[in-house]
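Report on one structure; see the data block that follows.
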Amino acid sequence: MMAHGWFETVAEAQRRAKKRLPKSVYGALVAGSERGTTVEDNTKAYGELGFAPHVAGLHGERDLSTTVMGQPTSMPVLISPTGVQAVHPDGEVAVARAAAARGIPMGLSSFASKSIEEVAAANPQTFFQMYWVGTRDVLVQRMERARAAGAVGLIMTLDWSFSNGRD
């Protein structure tokens, strides 16, 4: 059920991913922490969103471009930092290249299979995700390495700073 090469629904994308990815990879992508309350809450919140397109007076061309954390993007999307994308030999570098080709910023996980240097070289709009773990010096070292590699910003993740519980 694809139109123009894109998935028409998130449910269809998940169905195809479950069918094609190794069970452990799919499980890591859809897993939530602890009981999964945040996943449930986010799913419910997105279900409450409604879109009411204005048909009259539409322009001939649509422009979805905007900025995300000061970075221009062709649409209001940022590639989410997802760890160990090694299901493809180029891993996160392949995703970064594809995102850059579409004008979309890349979020790179701390648990990536490729280095920040490689990914930032493939997409100059790379944001580096960091977990709030370790000493202040360790955090600063990670930030400085990301900046030196060309990262344009940070995504701070706090859900593992106090708990390792995952379903």
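Values in this text are rule-based calculations from the coordinates and carry no lab data. The shown structure was predicted, so the numbers you read here are calculated from the model rather than taken from an experiment. No Cβ is skipped: glycine too gets one built from the backbone with ideal geometry, and neighbour counts run over all protein chains shown.
Straight-line cross-link reach from K114 at under 23 Å between alpha-carbon atoms covers these lysines, not counting any fewer than eight positions away in the same chain: K23. In terms of other Cβ atoms within 10 Å, V10, V119, V95 run from fewest to most in the order V10, V95, V119. Shown is the FRET efficiency for E117 and A86, computed with R0 = 22 Å from the Cβ-Cβ distance and rounded to the nearest 0.05: 0.85. Relative contact order, percent, of the range 62-167 when contacts are C-alpha pairs under 8 Å separated by at least 6 residues? Relative CO of the range 62-167 lands at 21 percent.
The packing ranking, built from the mean of other Cβ atoms within 10 Å per residue, places the peptides 107-117, 81-91 in the order 107-117, 81-91, highest first.
Subtracting the Cα-Cα distance from 0.36 nm times the residue separation, let me have the gained length for A101 to R147 in nm, one decimal.
Full extension of this stretch gives 14.4 nm more.
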